[in-house]
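Every read-out reported here was derived from the displayed coordinates using simple, explicitly stated rules and does not represent laboratory data. As the structure is a prediction and not an experimental result, all values here were calculated from the model. Because the Cβ atoms are built from the backbone with ideal geometry, glycine has one as well, and the counts that use them run over all protein chains shown.
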Amino acid sequence: MRFHAGLLPVGPAHVGAGGPCSIESRTQIDASAQAVARAGGAALRGGAYKPRTSLYDFQGLGDEALPLIAQAGKRHGLPIVVETLAEAHVELVAAYADMLQIGARNMQNVPLLRAAARTGRPILLKRGPAATLDELLLAAEYILVEGNPSVVLCERGIRSFDAHTRNVCDLGGALRLRELTHLPVVLDPSHASGRRSLVEPLTLAAAAAGLDGALVEVHPDPSVALSDAAQQIDGAAFVRLAERVRRVRRALATDDVLVA
Ligand code: PEP
Ligand code: MN
């Protein structure tokens with residue numbers, strides 16, 4: 001399993017993700033997909049149903065976003081990852097997506113975990129903003145017990161008291177998870193920091209430290225993004241980041257770290 005910028009390998013198959021916070025239009029998701037493919041990312045991730053804190057913020061295009069990301073993935077040869085917010089969406093999302101994301105707010109939504117697991121799709125499980133590592137591991141077990149072994153754990157920052165970063169990036173916690181479980185562990189530096197300027201250094205730190213991957217928000221023009229504008233990077237930045245990740249991995253000669 002290799003560390004990819006914007007990516008996640010699961011077992012022998014590479015399943016990964018880089019892409020916009022929200023799928024906004026056909027041209028926007030296609031441009032994101034093009035950048036992810038050019039960077040060598042393993043998959044395209046985009047949100048159709050957005051779990052926004054405020055009712056007054058963009059909620060995602062919903063069902064109509066699914067064919068848009070599916071077509072972009074197909075055009076650029078990338079598997080796609082989409083978050084499922086509710087049990088009611090699981091079947092529909094699984095009909096389009098190669099991998100299902102369970103977001104931070106739903107980490108302990110047991111019926112959703114079980115329903116998503118039963119689709120047989122690999123699951124990207126994000127750590128809740130106030131969840132302990134044990135709680136994350138126990139949440140993953142609800143997926144495993146349904147007979148679905150393909151779970152990727154994602155550190156996306158935990159809540160603390162300082163407002164200069166959106167969350168606190170618990171890199172130490174993510175590394176501790178790798179000691180505790182055979183499951184791949186990746187970092188989402190975008191939500192962990194909330195700041196575009198910190199996405200590359202955090203991803204490089206994760207790569208150097210030996211995490212299994214990163215999930216990076218990539219938008220063709222972050223300044224006009226309908227969600228999470230401050231933390232998305234553009235396609236050129238993502239391509240550069242991927243190259244730097246490769247250089248870090250080469251320098252450390254840990255390119256082929258295998259995860260059992
Ligand atoms: C997301 O991945 O776009 C998202 C909403 O992340 P989280 O669930 O970690 O807040
Ligand atoms: Mn987001």
**Report entry** Projected area, mean over directions - the stretch 143-221, Cα convex hull, nm²
**Finding:** 6.4 nm²
Query - Residue among SER25, LEU202, LEU215 farthest towards the positive dipole end of the chain, charges placed on Cβ - result: LEU202
Requested in this report: Hey, can you grab everything whose amide H is under 5 Å from the amide H of LEU61? Only 5+ residues off in sequence or another chain; H modelled, so Pro and N-termini drop out.
Outcome: ILE23
Query raised in the report: Using θ = phi - 60° and the Karplus form 6.51 cos²θ - 1.76 cosθ + 1.60, what ³J(HN,Hα) does each residue of the stretch 48-56 get, whole Hz, x for Gly and Pro?
Result: 9, 10, 9, x, 7, 5, 9, 4, 8
Report summary line: Under the Karplus relation with 6.51, -1.76 and 1.60 and θ = phi - 60°, whole-Hz ³J(HN,Hα) for the stretch 74-90, x at Gly and Pro, equal 4, 4, 9, x, 10, x, 10, 10, 9, 6, 10, 8, 8, 3, 5, 9, 4
Query raised in the report: What list of ³J(HN,Hα) couplings, whole Hz, do you get for the stretch 208-215 from phi and the Karplus terms 6.51, -1.76, 1.60, once you set θ to phi - 60° and write x for glycine and proline?
Result: 5, 7, x, 5, 8, x, 9, 10
Report summary line: Cα extents of the stretch 97-142 along the principal axes, largest first, in whole Å, come to 27, 16, 14
Query raised in the report: What residues have an amide H closer than 5 Å to that of VAL152, excluding those fewer than 5 places away on the same chain, when H is modeled at 1.01 Å from N in the peptide plane?
Result: ILE123, LEU124, LEU125
Report task. Please list the non-local residues whose amide H lies under 5 Å from the amide H of ALA214, H modeled 1.01 Å from N, same-chain partners needing a gap of 5 or more. Result -> HIS4, GLY6, LEU7, LEU187
